[in-house]
């Protein structure tokens, strides 16, 4: 519950970060303990900046308080014609 409240309080600010194209938070229909945060960033550089942000540190801090270990996955997606920015 606390993690959901933390994410809900952060999501608006995350959406205004440079390069954030979208950010959504949802819960699994089958398992109420599975929560998903989906973010789409215009470049890897802006994603890396987000991963160093205060918002992300607060989110990780909240996740560290969970009883069970959490899993964080990143899935890079490129549109045709895009190049990876370093």
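Scan region 45-74 residue by residue and report those that are more than 17 Å from residue 13 (Cβ to Cβ) and modelled with pLDDT of 90 or more.
If the condition is that a residue be more than 17 Å from residue 13 (Cβ to Cβ) and modelled with pLDDT of 90 or more, then 45, 48 are the ones that fit.
So, in region 20-38, of the ones that are under 13 Å from residue 50 (Cα atoms) and crowded, with 16+ Cβ neighbours inside 10 Å, which residue ends up nearest to the chain's Cα centre (by Cα)?
23
The values are calculated or read from the model by the stated rules, or taken from the named source; none is laboratory data. This structure is a prediction, so every number in the text was calculated from the model and none was measured. With ideal geometry, Cβ positions are generated from the backbone for all residues, glycine too; neighbour counts draw on all protein chains shown.
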